[in-house]
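Encoded as structure tokens, the structure appears first; notes follow it.
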Amino acid sequence: MTALSPHPDRLLPADPGTRDVARRLYGEVAGAPILSPHGHVDARVLLDDERFPDPAALFITPDHYVTRLLHALGVTYEELELGKDARERDGRKIWRTFCRHWDAFLGTPVRFWLESELAEVFGIDEQPSEASADRLYDELEARLSEPGFRPRALFDRFGIEVLATTDDPADDLAAHLALREDPTFRGRVVPTFRADRYLTPGTPAWAPALAALAEASGIDTGTYAGLLDALRSRRAFFQAAGGTATDTGVLAADATPLSDTASERIHLAGLAGEVSEAEASAYRANLLYRFAEMSVDDGLVMQLHAGVHRNTHRPTLERFGPDTGHDLPAVGGYTQPLAPLLRDFGTAPGFHLVLFTVDETLFSREIAPLAGFYPSVFAGAPWWFLDSPAAIARYRAAVTDSAGFAKTSGFIDDTRAFCSIPARHDMSRRADAAFLANLVVTHQLTEDDALGVARRLVDEQPRRVFKL
Amino acid sequence: MTALSPHPDRLLPADPGTRDVARRLYGEVAGAPILSPHGHVDARVLLDDERFPDPAALFITPDHYVTRLLHALGVTYEELELGKDARERDGRKIWRTFCRHWDAFLGTPVRFWLESELAEVFGIDEQPSEASADRLYDELEARLSEPGFRPRALFDRFGIEVLATTDDPADDLAAHLALREDPTFRGRVVPTFRADRYLTPGTPAWAPALAALAEASGIDTGTYAGLLDALRSRRAFFQAAGGTATDTGVLAADATPLSDTASERIHLAGLAGEVSEAEASAYRANLLYRFAEMSVDDGLVMQLHAGVHRNTHRPTLERFGPDTGHDLPAVGGYTQPLAPLLRDFGTAPGFHLVLFTVDETLFSREIAPLAGFYPSVFAGAPWWFLDSPAAIARYRAAVTDSAGFAKTSGFIDDTRAFCSIPARHDMSRRADAAFLANLVVTHQLTEDDALGVARRLVDEQPRRVFKL
Amino acid sequence: MTALSPHPDRLLPADPGTRDVARRLYGEVAGAPILSPHGHVDARVLLDDERFPDPAALFITPDHYVTRLLHALGVTYEELELGKDARERDGRKIWRTFCRHWDAFLGTPVRFWLESELAEVFGIDEQPSEASADRLYDELEARLSEPGFRPRALFDRFGIEVLATTDDPADDLAAHLALREDPTFRGRVVPTFRADRYLTPGTPAWAPALAALAEASGIDTGTYAGLLDALRSRRAFFQAAGGTATDTGVLAADATPLSDTASERIHLAGLAGEVSEAEASAYRANLLYRFAEMSVDDGLVMQLHAGVHRNTHRPTLERFGPDTGHDLPAVGGYTQPLAPLLRDFGTAPGFHLVLFTVDETLFSREIAPLAGFYPSVFAGAPWWFLDSPAAIARYRAAVTDSAGFAKTSGFIDDTRAFCSIPARHDMSRRADAAFLANLVVTHQLTEDDALGVARRLVDEQPRRVFKL
């Protein structure tokens, strides 16, 4: 048996003097409330407060970070039963496969999160392995049956103050509204407005999405003008339900406005199934511009997650669906494609635009320089393929020079895995403490200043950037 | 009150053993004379030797590093009175605003430079803050009135041996010539030939620039052949005035030659206001090639600062002019666009080409490989958005493998802020000492070799590269 | 005299605690057998087992790492006698030039390799210098005459278990076959199938290559179908001779399949000398796709070395030939250009595709994300301009997060310089020990796990990836 006992100093620097400083900095923020301004947990989980499913369904099957690395080692998605309905899966068998390949995660952030979760949330004290698989499964099953491991109990135990979900504009936000009116739940769960489905005329999802939005808003979306009205109306609805932000995911960040006439023409062509790819791109770029315009008007923070090729392996998509590990980073770019948007709204009072990337060359070349001039622009925390301690260190080193700390977003967990939230925030707090400690011992920052920065990064910064 | 006392070990590595080595390396070069082969101080400042204006006009309003970060935090340029004539500004009010936002600079190189300047040049012993703003302003005002804080006195005190300015070919270099003939000034101030205005037919500045150049050179610039003659004549004039180098700033580094006929045709089209963008680009690329040809002939070092989008925020440009913080890095490239130039001049005896970038991906992929083959090519010091200790470390780590130390340019301060010159060189010396010390303690370099490299980087290297 | 005594702790981390761990990790693998699955040593060297030529011909003239840096400092290739026939060169004169410029290599990996070779292979105890040049030359000459310094003796002494060469499909592999049948040689030398010459119709080398391949295979290569058959036949021949892998070098990694009809048409156009550049590119992209298809069929590992501009300085090429230091890195890309290949073969059982790059932005953005999903894809070790300790550290930091250790290729020396093989593997082992030690002291990995990883990286990993 190999003990599972995450070290209290993990991720803090090796040099003893630097580590001492880092310990003090980390100690100051380790227990701070969690502000999670962007993620993918379903509000219904907290509304229903049902016990989590079995360990495989909690830790493995829905988490593409985990499944993609197993897949890369030759474990097929059939073996992980991804193609099956959740209720038909053999959780114990999947869990055993995972435990057998536990070494695959050595050196990865996934291992850090899982170790922290298993040890600190579930009290597991042994590493997963072929030998320990069954015992661990049983232990976890036992825990999951306890009331203290229900979503709401964990929400409290994790110290989550705000949790943002991600939602379609046509969503009725029923779970959010119910939670707000539930006197037994004191947490704050807020929706985020994500209108990706409405961006690209000609895609199969577009026309049905327009129909759903018309239904939800009571506004005819058969015209471009109607779509804008409907979106505005739903943004107001999201704000009334506690939302403070929008999010948009696109491959390219082009934000060139079109005339209303041209937009209207493409909208109608889209409904008639006669839109070219160039027209669809122009339409999408215009909508990105309009989203900024709307944010200037209504104050919703605009998040931009650009530069991901989605669903690149068609055979896997067709058999196992989206979010199964084959989304891949693209060459990114913000400075040029966002130029029209920034020209018109970059200095608009109250406008907040948070830029994320999976292409780390953008940190020093585009995002920090933009955030270091435009009052509206903030450098989003390292995202997805860049959410490891090493990448966080590169991000801070690349961004701080031109943008300081005050123009960074604070940590974003961006996760579907509710139980990994504290581990993810903890990783970020440790990584930032390590970065700041190094500035202290090289006399670039006093320890007092570093303490102030560390505190602001987990509190004032996300509150201000996301208007929480 | 928070003390301002830059630590003697700042920027040196945290590990005690490495720090000891770094201290010795830094100690060896800390007091070496300053060679500044590229910058933007006006020679007239030293000729006239008048007292510097008030603290705001010295530290804040002309420094886009400072103003852009304040702007990014929501301090408007109106508040900083950038739109006003210098004599109408309320320096104390601007200074107070700056002090109130002193925390914005935490972790940035701007903070390092300002702390060093305030403490080591002006003897300030308290951090800027809302509370200390007025006292600091008064202290600085008092210093600035003293004779020891006039430009020439500071030039001596800073230990500047050579200071290069940046000048238009049509400039009469009156200040340079007067300084050379002034027996009371023993410093060396040399002009740098920067012909950017002449590159792009069709831009509003082009025809007036040609006229000014014709006036200055006495050569008709109404033809392309005339322009080349005039440029050659002015290069000789700059050389006679002590110049050793040229500089060119372009967005893309294309250097494809055109036939004289084609160039002549575009030149005339430019004067007639009938030049297309493609023609203007071809003309510019040809001139870049011709500049290299001229450098091969006359021996002037060719510097290339490529890859910056200038004046990207039009509303700010229109209201506050250029150099107000919205120049932004572009995706860079040297290997492909410079290919024709390097084919013809890359191995020409005596030709020196110094390549700078704000896209750090070029360090290991383009600049170091080029400098590691072509005798003419040198890797320019990290520039602008990359002039921090962290970026200097990345530069050395990325460039040294393929190009060693002997093909790097030595430090370039590239500043308009005269009083920041010693702080900038000091940062570089500390950062290089830190880098070298790490090579020593990991036994990649003996300490003796490291001492030799440290000395060469501040002395032999810039002298040789820039032919000082 | 300056002693040459490579430190036993070189490249291990400076921090004493981390160094202790690194020493133990390195100690575990320092003496492990060398598996060299990709390189450019000629099998004939081992078959003939003749003494190596003089020191200049061993260390300098054939090594473009060495000659390019000397060239960059102004030592002409005439001075290094690169243009001359090997037998007409004045080895001692060339050696003296090299020794005089020994400082050029300070801080570069070339210095590390040469120091290790000179000290540990040849027992030299003094640094090269103008003063020591002749004595060192004589000492090396004496060593080279000893039987213990013949290729086979060194092969044994270096502990090489497998050495892969790189060979044209038309090669008769006579040396390989003879070595396999030679009872006095117990080493394993295997060929690698590299069909670059057959990729691009219209290049001067293409038609003669087809003719040679027809001759070697006995299959008519006058048609596209014939070429595929001939390649398949030679792949089988290489496999029978011990080969386990292919390699392909291209500028761009496009792998879009063509119909057989279209391929056939371009093939014939190529033979008729009437192929356009676009057709040649399409043909090449199709062949890359077909190479993957063949690897799926026959199990040969597919290596891809993309993104190098070859022979960029035409005057040097014309006078001194290829491999003379002016190959330069290009902007790389794998995710998009390989998409069709990965769609069809990315999850094919047994298919192995090892991706190398000289553009390090690909590590975190493309290679690690691909290797972290596709069971077939492995992240090739840092290549060429990126084969230094600093770049190895960046590679590990960038790749491990998304791909772990199990999807990396293990070290590749990729060298023509036989005597540098142990130094290159030693550098990699030290660099990996340093990286792992840092994970241990920051509690991201237990020391036991790190030991396991260190061992796997030099043994199981290359065996598995390259099917050795």
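The values are calculated or read from the model by the stated rules, or taken from the named source; none is laboratory data. Not measured: the values here are computed from a predicted model. Neighbour counts run over all protein chains shown; Cβ positions are idealised from the backbone, glycine included. The accessibility values were calculated without ligands, DNA or RNA, using every heavy atom of the protein model including side chains. Shrake-Rupley method; radii C 1.70, N 1.55, O 1.52, S 1.80 Å.
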Practice task
Kindly express, to the nearest 10 degrees and within the range 0 to 90, the angle between helix A:277-298's C-alpha long axis and the longest C-alpha principal axis of chain A.
Solution key: 80
Handout entry: Between 0 and 90°, nearest 10: helix A:91-100 axis offset from chain A longest Cα axis
Key = 70
Problem - Accessible carbon and sulfur surface of the protein assembly as shown relative to its total accessible area, %, 1.4 Å - result: 51
Fill in the blank from the handout: Computed on Cα atoms, the radius of gyration and Dmax of the stretch B:249-360 in angstrom are 15.8, 47
Completion exercise
Per residue, accessible area of the stretch C:25-119 with a 1.4 Å probe, heavy atoms of protein chains only, in Å², comes to 35
Completion exercise
For the stretch C:21-63, the dipole about the Cα centre with charges only on Cβ (Lys and Arg +1, Asp and Glu -1), to the nearest 20 debye, works out at 360
Exercise for the section: Run the numbers on chain A and let me know its relative contact order in percent, using alpha-carbon pairs under 8 Å that are six or more apart. Expected result: 21
Problem - Positive-pole candidate from B:Leu370, B:Leu258, B:Ala207, dipole of chain B, charges at beta carbon - result: B:Leu370
Fill in the blank from the handout: Here the correct list, in nm and shortest first, of distances from A:Arg100 to the same site in the other copies, label points 7 Å along Cα→Cβ, is 6.6, 6.6
Problem - Other copies of B:Arg24: label-to-label distances in nm, shortest first, labels 7 Å along the beta-carbon direction - result: 3.1, 3.1
Practice task
Please report, in whole Å, how far the alpha carbons of the stretch A:1-84 spread along each principal axis, starting with the longest.
Solution key: 52, 37, 27
Handout entry: Dipole axis of the protein assembly as shown (+1 Lys, Arg; -1 Asp, Glu on Cβ), positive-most option in A:Val440, A:Thr244, A:Pro340
Key = A:Val440
Exercise for the section: Using only the Cα atoms of the stretch A:1-48, each taken as one equal point scatterer with no solvent, compute I(q) by the Debye sum, divide by I(0), and report log10 of the ratio at q = 0.15 Å⁻¹. Expected result: -0.69
Completion exercise
Ignoring ligands and nucleic acids, chains C and B bury, in total, an accessible area (1.4 Å probe) to the nearest 100 Å² of about 3100
Handout entry: Minimum 20 Å² accessible area buried by the other protein chains, the stretch C:48-90 residues, probe 1.4 Å, relative to alone
Key = C:Arg68, C:Leu69, C:His71, C:Ala72, C:Leu73
Practice task
Using a 10 Å Cβ count of at most 15 others and DSSP loop calls, identify the longest part of chain A lacking such GluC sites (Glu not before Pro).
Solution key: A:275-468
Exercise for the section: Provide, in order from the shortest bin, the percent of all Cα-Cα pairs of the stretch B:52-149 in each 10 Å bin, continuing until the bin that contains the maximum pair distance. Expected result: 15, 53, 29, 2
Completion exercise
Among B:Leu140, B:Ile60, B:Leu82, the residue whose Cα sits farthest towards the positive end of the charge dipole of the stretch B:52-149, when +1 is placed on the Cβ of each Lys and Arg and -1 on the Cβ of each Asp and Glu, is B:Leu82
Exercise for the section: For the stretch C:383-442, just list the percent of Cα-Cα distances falling in each 10 Å bin from zero outward, please. Expected result: 21, 55, 21, 3
Practice task
Show that you can apply the helix-only estimate: for chain B, add -39,500 (n - 2.57) for every DSSP H stretch of four or more residues, divide by all residues, and state [θ] at 222 nm to the nearest 500.
Solution key: -14000 deg cm²/dmol
Exercise for the section: Normalise the Cα radius of gyration of the protein assembly as shown by 2.2 N^0.38 Å (N = residues in it) and let me know the number. Expected result: 0.93
Exercise for the section: Could you work out the per residue convex hull volume over the alpha carbons of chain C, in cubic angstrom? Expected result: 142
Exercise for the section: Could you give the size of the charge dipole of the stretch B:51-193 about its Cα centre, using +1 on the Cβ of each K and R and -1 on the Cβ of each D and E, expressed in debye and rounded to the nearest 20? Expected result: 120
Completion exercise
The answer for the stretch C:123-261, accessible area per residue at 1.4 Å probe in Å², is 41
Completion exercise
If labels are modelled 7 Å from Cα along the Cβ direction, B:Pro183 lies from its partners in the other copies at nm distances, smallest first, of 9.7, 9.7
Exercise for the section: Would you give the gap between the C-alpha center of the stretch B:189-213 and the C-alpha center of the stretch C:361-390, rounded to a whole Å? Expected result: 46
Fill in the blank from the handout: Answer in debye to the nearest 20: the dipole magnitude of chain C about its Cα centre, from +1 Lys/Arg and -1 Asp/Glu charges placed on Cβ, is 620
Exercise for the section: Would you grab the residues whose amide H sits under 5 Å from the one on B:Glu126? Only those 5+ places off in sequence or on another chain, please, with H modelled 1.01 Å from N. Expected result: B:Leu4
Handout entry: Helix C:260-271 vs. chain C, principal-axis angle (Cα, 0 to 90°, nearest 10)
Key = 70
Completion exercise
Scoring the stretch C:239-325 by relative contact order with C-alpha pairs under 8 Å, at least six apart, yields a percentage of 45
